[in-house]
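This report concerns only the one structure given below.
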Amino acid sequence: MRHIAIDARIINTSTGMYVERLLHYLQKIDEVSYYTVLVPEKDKDFWKPTNDNFHVRTVKYDNYSLSEQIGFKFFLDELHPDLVHFCMPQQPILYKGAHVTTFHDLSLLKTYNSDKNWLIFHFKQVIGRFVFRRVLKTSRFIITPSKFTKNELLAFDKKLSPDKIAITPESADIFVSEVVPYQHPFNRYIMYVGQQSDYKNIKRLGEAHQKLLKKYPDLGLILVGKINASAQINKKHFERKGYKNIHFTDFLPTPQRDWLYQNTAAYVFPSLLEGFGLPGLEAMGYGAPVVSSNATCLPEIYDDAAHYFNPLDTDDMARAIDEVISGENLRKNLIAEGYKQIAKYSWARMAKQTYSVYIDAIRNYIRP
């Protein structure tokens, strides 16, 4: 019986949906192999297996820590699986067992979040460059969600073979149940859902929205998501600037979030860097017309189902949003194309592709 360990320490983070959906569908694909799913102690009850061949074990090794490099390595050596799937690049770099690694993007190396300690963050970037190259070398296969991320890795490491990289596009599950209206003060609004780290470009979105108020004085901007440190920075920035009609929801239950999706004038995704761009697909699934940055992977993932702008140019951002708000035919076309676009993606297919990577990695590995 094959023993596959999945490093799911990020399962309860913003990237955790990838891990949760992978596990969900792997249970439908593989009822024979023995799986050990590794999660932090705090998340021991976050995901429950439905198959007897999947088992959850807790670990206490923080990402990018010394204990990850030493303690986690010894833990995996004793576990002795046939394969480990590291769902993020952070891992013990001296681990010699067969493993595959998912690289979602290179945001750690290419961005800085102002809510973090500058010195610590940049030190982490220096270490990250070394770790990433080591991981690219030692992993049997690399998994990415897009061609863009694959090409980013090939540019980062000139010695990396394209044949070593498997592209497994992600998806967005849409569960349209009974929605609950969200009370807000606007007659109409545009919206954004998700994290507000610096590279998400929310400050420029706020500036573009203020430009639109000259033509649409009643237009609101609703920012959906937990008001954490990065959101607080944006909120204070808008207050200092005297910006109007911007509303932070904090965490919202799914029925209220879905109501906002279904009633928005446009979903705007201003990000400067993405590895896949799942939020825009999610918005399409709820019938929201998507106005998107043209940066990195987003045109690859959204194709003709989004209306694009230069994310560094707030005039261009305002222009694209205005065209969607005012152009009824454009809105209808984007909504129709959005439904078609999301149908091209499947979490089940992603899990099947990933399982194939597992089999190839185990088949071609000679244990030292």
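The values are calculated or read from the model by the stated rules, or taken from the named source; none is laboratory data. Everything numeric here is computed off the predicted structure, so don't read it as measured data. Note that we place each Cβ from the backbone using ideal geometry, even for glycine, and neighbour counts take in every protein chain shown.
Here are the numbers for the structure shown:
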read-out	value
Tabulated pairs, the range 304-332, first under 20 Å from residue 272 (Cα atoms), second aromatic (Phe, Trp, Tyr), C-beta under 7 angstrom, 6+ apart or interchain	316/309; 317/309; 319/309; 320/308; 320/309
Cross-chain or 6+ apart pairs with Cβ under 7 Å, the range 101-127 first and closer than 23 Å to residue 170 by Cα and at pLDDT below 80, then part of a helix (DSSP H, G or I) and not hydrophobic (A, V, I, L, M, F, W, C)	111/198; 111/199
Segments classed as helices (runs of 4 or more DSSP H), wholly inside the range 107-198, with at least 3 members that are of a type in the set (D, E, K, R) and touching a helix residue (DSSP H, G or I) at 6+ places or on another chain (Cβ under 9 Å)	118-138, 147-156
Any pair with Cβ under 8 angstrom, 6 or more apart, that starts in the range 6-19 at a residue that is touching a residue at least 40 places away in the same chain (Cβ under 8 Å) and more than 15 Å from residue 197 (Cβ to Cβ) and ends at one that is part of a loop (DSSP other than H, G, I, E, B) and among the aliphatic types (A, V, I, L, M)	7/88; 9/88; 10/88; 19/8; 19/10; 19/11
Tally of residues being of a type outside the set (D, E, K, R) and over 23 Å from residue 200 (Cα atoms) across the range 8-50	21
Options 25, 18; residue that is part of a helix (DSSP H, G or I), surrounded by 14 or more Cβ atoms within 10 Å (Cβ to Cβ), modelled with pLDDT of 95 or more and under 17 Å from the mean Cα position of the chain (by Cα)	18
Top-ranked residue of the range 28-48 - restricted to ones that are of a type outside the set (Ser, Thr, Tyr) and touching a Phe, Trp or Tyr at 6+ places or on another chain (Cβ under 8 Å), ranked as surrounded by the fewest Cβ atoms within 10 Å (Cβ to Cβ)	29
Selection from the range 165-200 of residues that are small (Gly, Ala, Ser) and over 14 Å from the mean Cα position of the chain (by Cα)	166, 177
Number of the exception - residue 337 against (1) surrounded by 16 or more Cβ atoms within 10 Å (Cβ to Cβ); (2) under 21 Å from the mean Cα position of the chain (by Cα); (3) not aromatic (Phe, Trp, Tyr)	(2)
Among (1) charged (D, E, K, R); (2) closer than 20 Å to residue 159 by Cβ; (3) surrounded by 19 or more Cβ atoms within 10 Å (Cβ to Cβ), the one test that residue 105 misses	(2)
The range 203-251, subset within 22 Å of the chain's Cα centre (by Cα) and part of a loop (DSSP other than H, G, I, E, B), residue surrounded by the fewest Cβ atoms within 10 Å (Cβ to Cβ)	251
Given (1) touching a Lys or Arg at 6+ places or on another chain (Cβ under 9 Å); (2) closer than 15 Å to residue 135 by Cα, index of the condition residue 71 fails	(2)
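Yes or no, residue by residue, for (1) without any contact (Cβ under 8 Å) to a residue 40 or more places away in the chain; (2) of a type in the set (S, T, N, Q):
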{"position": "171", "(1), (2)": "no, yes"}
{"position": "178", "(1), (2)": "no, no"}
{"position": "188", "(1), (2)": "no, no"}
{"position": "196", "(1), (2)": "yes, yes"}
{"position": "203", "(1), (2)": "yes, no"}
{"position": "226", "(1), (2)": "yes, no"}
{"position": "234", "(1), (2)": "yes, yes"}
{"position": "239", "(1), (2)": "yes, no"}
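For every residue, the table says whether it meets (1) over 18 Å from residue 146 (Cβ atoms); (2) among the small types (Gly, Ala, Ser); (3) touching a helix residue (DSSP H, G or I) at 6+ places or on another chain (Cβ under 7 Å).
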{"residue": "291", "(1), (2), (3)": "yes, no, yes"}
{"residue": "313", "(1), (2), (3)": "yes, no, no"}
{"residue": "316", "(1), (2), (3)": "yes, no, no"}
{"residue": "323", "(1), (2), (3)": "yes, no, yes"}
{"residue": "341", "(1), (2), (3)": "no, no, yes"}
{"residue": "349", "(1), (2), (3)": "no, no, no"}
{"residue": "359", "(1), (2), (3)": "yes, no, no"}
